[in-house]
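Quick notes on the structure that follows.
The values are calculated or read from the model by the stated rules, or taken from the named source; none is laboratory data. Values in this document were obtained by computation on a predicted structure and should not be read as measured data. For neighbour counting, all protein chains shown are included, and Cβ atoms are generated from backbone atoms with ideal geometry for every residue, glycine included. For the accessible areas, the whole protein counts, side chains as well, though only heavy atoms, and no ligand, DNA or RNA atoms are used. Shrake-Rupley method; radii C 1.70, N 1.55, O 1.52, S 1.80 Å.
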Amino acid sequence: MKQQEQQATKKHSKWIFFEEFIGSFGIAFWTLLLCWLFNKYNVLTLFSIGGNVAVGWVLLSLVFGATYVPILYLLLLLLNSFTSGEYFNPAITIGFWYKESIKRPVAFKFMLSQFVGGIFAGLLIYVLIGLCDNSRPDWWTNPDAGYMGATGIKDWWVKNSPDVLYWHIMETLYIPTILSWAIAVLIEATIFFLFMLLVLNVNKMSKHKHTRWVYLSIGLALMVALGIPFTGASMNPIRSIGPVLFGSWGENSSYWWLQYSIAVVGPILGTLVASYIQLKTIDKKVVNITY
């Protein structure tokens, strides 16, 4: 009997990492798919008012937020599983590890599963664009990370900077200085800080898992709407890694990796601050959860 229990625990342990992979893949794929379609059909321009694409940005964030729960539920129901904790984000995983809600080895395996899921999603979008997008006939030799949905400091920020925060290279690309990069990181950290506080306290808001996911969906949509005009509102390193890996080649590569660093550093800072505040002000007792 003891041996059977150990085998069942081992099988369960492997399953939760696969669940993290599938959930992360689903989030990254759906987000990049929306970005591709919005770019392909110029949705941002279509919904612009007087040249202002803010309405298009808000629309993108609302569509993503409204579909976030159904897409993940479909994936997890197909797997018949809600057992891993459904982190699907390395920054969230780091936050729960910092709170000692999950052990370090499990956190590392979760993050590895999440990044693999995000990379597979980016690869699939890269292949789909090459096969299905007639507007990009040279896609296989000249991909575009921005077209795939890469995040980073937006162009309007460059054009309206009151001082010289950028210098111009290669006609269209701008390399941010330390100051502008730090401001972008702060914006990304702030919106993720707010979202992470919601994640940490959503269990107190409702006893029903379905309702909690709706709260998370609404909160995510609002944070994306706030951040997308400035940094693209990645809020998840795995969501942004695919476009950089498969859409930035040659001289553009260092530019997009620098932009990607905002999507990594910002959410990690936000989650650490949120988790620290949670421990010091809200949580009275740390509960260790062993997978």
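Here are some notes:
- A 1.4 Å probe over all protein chains sorts Tyr68, Tyr215 by accessible area into Tyr215, Tyr68, starting with the largest.
- Each other residue within a Cβ distance under 11 Å of Asn201 adds +1 if Lys or Arg and -1 if Asp or Glu, for a net charge of +1.
- Residue ranges 34-44, 126-136 sort as 34-44, 126-136 when ordered by packing (mean number of other C-beta atoms within 10 Å per residue, highest first).
- Listed residue pairs exceeding 28 Å between alpha carbons, taken from Lys99/Lys207; Lys103/Lys280; Lys154/Lys280: Lys154/Lys280
- Residue-by-residue Karplus 3J(HN,Hα) for the stretch 106-111, coefficients 6.51, -1.76, 1.60, Hz, glycine and proline x: 5, 4, 5, 5, 4, 5
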